[in-house]
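> Attaching a single structure in structure tokens format; questions to follow.
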Amino acid sequence: MPLTSADGRRAVLLARDVLEAHVLGNRGESVRKLPPVFSEKRGVFVTLNKLEAGVKSLRGCIGYSEPVKPLGEAIKDVAVYASEDPRFPYPVQPDELGSIVVEVSVLTLPREVKAPSRTDLPAMVRLGVDGVVVSNRFASGLFLPQVATEQGWDHETYLSEACIKAGLPPDAWLSSGTKVEVFQAEVFGEVSPRGEVVRTGQEE
């Protein structure tokens, strides 16, 4: 079931509530009433960006790529995990909360891209619409759909960067032993810290 704009707003507000409660050391759970879609198992990512002088910079992004938990529970988990993203030297601090914008991406199930030849793969990935998962038996790397357009990557760079994120050689997507999957996401985010929530990204 697709999320409505109201559902998306609730998702972002839930992530914001949990983020602030965790960072400030409050133990109380969010009491916001959630619609039925939040009981469905969905893959979801929470992205935290710092917004300073109109420029966004990543502060944390973690999620579940597979629908392992009901959406409401999953958002609560990954909002906390994103605040402690190990790529950064320390967790989100209380004095950062006023400059952070929260974004929630609710994912479709990944599906493998089948191409006539490996060199055809890049053209089968839609920039700004498809997220990618590149994996082999030992490692995987994932990018949300919005990353390619935010970074200004072309199709091949997108796949190569996903390989690098997985710890693989940048041209690993050319190997038959590497699986390339795509998924889509419904993305909702704050325009400003604690501000209006809008649907972002490109539609299919």
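Derivation of every value follows stated rules applied to the coordinates shown; laboratory data play no part. Everything numeric here is computed off the predicted structure, so don't read it as measured data. Reconstructed Cβ throughout: ideal geometry from the backbone, glycine too, with neighbour counts over all protein chains shown.
> Output ³J(HN,Hα) for the range 131-148: one whole-Hz value per residue in order, computed from phi by the Karplus curve 6.51 cos²θ - 1.76 cosθ + 1.60 with θ = phi - 60°, and x for Gly and Pro.
Computed from phi, the couplings for the range 131-148 are x, 10, 10, 10, 8, 9, 5, 10, 7, 8, x, 10, 10, 6, x, 6, 5, 4 Hz.
> Quick one: dipole size for the range 111-183, taken about the Cα centre, charges +1 on Lys/Arg Cβ and -1 on Asp/Glu Cβ, in debye to the nearest 20.
The dipole of the range 111-183 has a size of about 300 debye.
> Then there's this: With a sphere of radius 12 Å drawn around the Cβ of T119, what net charge do the other residues whose Cβ falls strictly inside it have (Lys, Arg +1; Asp, Glu -1)?
-2
> Among V55, V182, V125, which one shows the highest mean-square fluctuation when the chain is modelled as a Gaussian network with alpha-carbon springs under 10 Å?
V55
> Measure nothing fancy, just the Cα-based angle from helix 5-24's long axis to the longest principal axis of the chain, in degrees from 0 to 90, nearest 10.
So the helix axis and the longest Cα principal axis differ by about 70 degrees.
> Right, another one. Residue by residue through the range 89-100, which ³J(HN,Hα) values in whole Hz follow from phi under the Karplus form 6.51 cos²θ - 1.76 cosθ + 1.60 (θ = phi - 60°), with glycine and proline marked x?
Values per residue, Gly and Pro as x: x, 8, x, 4, 9, x, 6, 8, 4, x, 10, 9 Hz.
> I would also like to ask the following. Show me, for the range 174-186, the HN-Hα J-couplings you get by feeding each phi into the Karplus relation (A = 6.51, B = -1.76, C = 1.60, θ = phi - 60°), rounded to Hz, glycine and proline as x.
6, 8, 5, x, 10, 8, 10, 10, 10, 8, 10, 9, 8
> Beyond a 32 Å Cα-Cα separation, which of these cross-linked pairs lie in this structure: K33/K114; K33/K179; K69/K179; K76/K114?
As for pairs spanning more than 32 Å Cα to Cα, those are K33/K114; K33/K179; K76/K114.
> Measure off 7 Å from each Cα along the Cα-to-Cβ vector at R111 and K50, then give the distance between these two points in nanometres to one decimal.
4.0
> Return the label of the correct value of Rg/Rh (Cα atoms, Kirkwood Rh), as calculated from the structure shown, out of [x] 0.98; [y] 1.02; [z] 1.05.
[x]
> Shifting gears a bit: Just how large is the dipole of the chain about the Cα centre, in debye to the nearest 20, putting +1 at every Lys and Arg Cβ and -1 at every Asp and Glu Cβ?
420
> Here's a follow-up. 7 Å from Cα along Cα→Cβ at both Q93 and R194: what's the point-to-point distance in nm?
Label at Q93, label at R194, 1.9 nm between them.
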